[in-house]
Amino acid sequence: MHTKTIAIAGATGFIGSRLCQVLPTDFNVIALSRRIRPETDGLQWRSCDLYDLDSCIGALKGVDSAVYLVHSMMPSARLTQASFEDLDLILADNFARAAQQNGIKHIVYVGGLDPDTPDTSIHLSSRMEVEQVLANWVETVTALRAGLVIGHGGSSFEVLEDVVAKLPLILCPSWTESKMQPIGVRNLVTLIRHALIEGGPDGCHDVGTDAIMTYKELMVKAAKQLNKNPVFLPSPIDNPELSSLGVSILTGKPTSLITPLLHSLKHDMLTRHTVFQSQVIPKPQTFAEAFEEARQDKSNHGKEATKSRRKRLKKLKQESAVRSVQRMPMPKNRDAFWLAERYLRWLPRAFRWIVRAEYVEGGISRMYLQGTQILLLELRFQRARSTADRAVYTISDGTLVRPDTLGRGTFEFRIMLDPSVLITAIHDFHPRLPWYIYKVTQAQMHSLVMAKFSDYLEGIAAKDTFASEKNSE
């Protein structure tokens, strides 16, 4: 009998690390990570850079089904000019394209509960976008939608624990009255395992405890579990950004992680589509059971996880890589080739006081400092890696690039989703300028250029809409 091979994207994370312990009993498991680790029975590690489509394609060879657990709210380069939702879009698209090319027909994805409101937070909207991207490329996507996951190593759980453990007085903004149904990580792992064994089901499935509680009630219960007795008072200030700053100072976690989480708490996070969970786990863990299990897990493994996170962040600070991603308006009836060509023609016109361009046969574009022979950047079009919805260039030369990294950096135009979304992205770019000078000069200039190009595309999109409406009259 064929033993299925399962790949886990996010294998070193909160949920993925637990799956690596559980799934080898039933499957051959391939854990995807940037760093290769020692193999154990039923568990093989493969190097995979999810920002690199070719790397994803190679890492998923021989895989039957996959688990996708990747979120990008933590830094992935020394300098990241991007919102987490745009990074998540690229990561999911790379993974789904690679899965499709390798014949993978089933992905299990853990996302967020849908509050079904018109003002859904960016964090939750991003989770829905990832679902859509995965489903665009793969036949069956089992989307397990969860709210707060209770378990050691989970960002939301650690924030909750720190707040109730360290503060004698807790101010409660209006969003602490939002209702929720958290789920224990052990229950979530059981549901993922069952979905993999059964090969489905397709579609969206909500998961959570049976009990409904407000976030304030959640904090009260957590304080009781910790034998703490903080005073809870209504807050006269209802500002998530200000709250996230305070929580960041208290917990040591970046505001880039905390702010999206707090914005999501303005919604009631309740389960609706629970048939799958009811069939697999008729009686889920209570909050108290899951919280106590998380505390025990922390006492056994807490120091190891903290040390690993610190080591990763220290390594990022020592690198010089830059990642820059922007979401832009997408004019109708255009493809990625048109976008790339239009950008390279537009740039030297829009910034002619700085740049002049030279185009060489074979898809080579060179940008010189105006009035000189100083080559700033050379871009080489990668025809073999490009399609109508993705145009790719390598950064092959130029005084702005560190010499030992020439050819590593990429610049791409990618079209995704329906209605179409355009993402422009620079990956693995290493500047030649000293870091502190780069951040206040070249990095700022790139942000300005991309903002102006976005305005330019918005103008074209508006003209397209006007022409379409005119023709329909």
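List of remarks:
- Loop-located GluC sites (Glu not before Pro) in the range 348-398 (DSSP state other than H, G, I, E, B) with a sparse environment of at most 11 neighbouring Cβ atoms within 10 Å: E361.
- Shown for the chain are the DSSP H helices of 30 Å or more along their axis, judged by Cα atoms, with a mean Kyte-Doolittle hydropathy of at least -0.5: 442-472.
- Available extension along the chain between R402 and W435 is 10.7 nm, counting 0.36 nm per residue and deducting the alpha carbon span.
- Dividing the summed -39500 (n - 2.57) terms of all DSSP H runs of n ≥ 4 by the residue count of the chain sets its mean residue ellipticity at 222 nm at -13500 deg cm²/dmol.
- In percent, rounded to a whole number, the relative contact order of the chain is 13, using alpha-carbon pairs under 8 Å and six or more apart.
- The range 170-306, Rg to Rh (Cα coordinates; Rh as Kirkwood inverse mean 1/r): 0.99
- Which listed pairs, of K4/K105; K216/K253; K224/K283; K179/K228, have C-alpha distances above 19 Å, in listed order: K216/K253; K224/K283; K179/K228
- Simple point charges give the picture: +1 on the Cβ of Lys and Arg, -1 on the Cβ of Asp and Glu, and for the range 223-285 a dipole about the Cα centre of about 300 debye.
- Alpha carbon centroid spacing (whole Å) that separates the range 421-445 from the range 381-395: 20 Å
- A cut-off under 14 angstrom between Cβ atoms defines the neighbours of Q370, and their net charge, with Lys, Arg +1 and Asp, Glu -1, is +3.
- Dipole in debye (nearest 20) - the chain, about Cα centre, beta carbon charges: Lys, Arg +1; Asp, Glu -1: 1680 debye
- Inter-part distance, the range 4-40 to the range 94-136, computed on C-alpha centroids, equals 20 Å.
- At full extension, Q225 and L245 could sit 4.6 nm farther apart than now, given 0.36 nm per residue minus the alpha carbon distance.
- Inter-probe distance in nm under a simple model that places probes 7 Å from Cα toward Cβ, at A451 and E358: 3.2 nm
- For E177, net neighbour charge (Lys/Arg +1, Asp/Glu -1) across residues whose Cβ lies under 12 Å away: 0
- Signed unit charges on C-beta, dipole axis of the chain, positive-most listed residue Y359, P329, G13: Y359
- Assuming charge only on the beta carbon of Lys and Arg (+1) and of Asp and Glu (-1), the dipole of the range 62-199 about its Cα centre is about 360 debye to the nearest 20.
- Summed side-chain charge close to S396 - residues other than S396 whose Cβ falls under 9 Å, Lys, Arg +1, Asp, Glu -1: -1
- Across the options A146, L250, L369, the greatest Cα extent toward the positive end of the charge dipole of the chain (unit charges at beta carbon of Lys, Arg, Asp, Glu) belongs to L369.
Computed from the coordinates by the stated procedures, all read-outs in this text should not be read as laboratory data. If you're wondering where the values come from, they're calculated on a predicted model, not measured in any experiment. Virtual Cβ from ideal backbone geometry, glycine too; neighbours counted across all protein chains shown.
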